[in-house]
Amino acid sequence: PARWLVESLPTEETAPGPEGSIDVVLAVAERSWLERLMLRLGPGARVIRPDEWTGIGAAAARRVLARYRDG
């Protein structure tokens, strides 16, 4: 479901991953941009490097959900 990323964004590198997935290397200038991208991609994508950003998508989703609940 996240394959559109490869066709829509400039990538530095792509390689076949496990079970038909694609490993993609992106240049990321701002953490907030990557957070928004991960929210769009949902569970169909994950950050594997750098280590400090591996949970960035889930953390962004929790923040958005908390804002929605606190409304």
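The values are calculated or read from the model by the stated rules, or taken from the named source; none is laboratory data. Just so we're clear, the structure is a prediction, and the values are computed from it rather than from any experiment. All Cβ positions, glycine included, derive from the backbone under ideal geometry; neighbour counts span all protein chains shown. Accessible surface is based on the protein model in full, side chains and every heavy atom, while ligands, DNA and RNA are left aside. Shrake-Rupley method; radii C 1.70, N 1.55, O 1.52, S 1.80 Å.
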### Summary
Under a Gaussian network model of the chain whose springs join Cα atoms within less than 10 Å, the largest fluctuation of A58, A27, A45 belongs to A27
### Task
Just need log10 I(q)/I(0) for the chain at q = 0.14, 0.22, 0.23 Å⁻¹, Debye formula, equal scatterers on the alpha-carbon atoms, no solvent, rounded to two decimals.
-0.46, -1.04, -1.12
## Note on the structure
Between the residues L37, L26, Y68, the Cα farthest towards the positive end of the dipole of the chain, that dipole coming from +1 and -1 charges on the beta-carbon of Lys, Arg, Asp and Glu, is from Y68
### Task
Quick one: dipole size for the stretch 15-71, taken about the Cα centre, charges +1 on Lys/Arg Cβ and -1 on Asp/Glu Cβ, in debye to the nearest 20.
300
### Task
For the chain, calculate the relative contact order in percent as a whole number, restricting contacts to Cα pairs under 8 Å that are 6 or more residues apart.
22
#### Entry: the chain, accessible surface, carbon-and-sulfur percent (1.4 angstrom probe)
52
### Summary
Given a 1.4 Å probe, the accessible area of the chain per residue, as a whole number of Å², is 78
### Query
Could you give the angle, 0 to 90 degrees to the nearest 10, between helix 56-70's Cα long axis and the longest principal axis of the Cα atoms of the chain?
20
### Task
At most 14 other Cβ atoms within 10 Å plus a DSSP loop assignment makes a site exposed; report the longest stretch of the chain without any exposed GluC sites (Glu not before Pro).
31-71
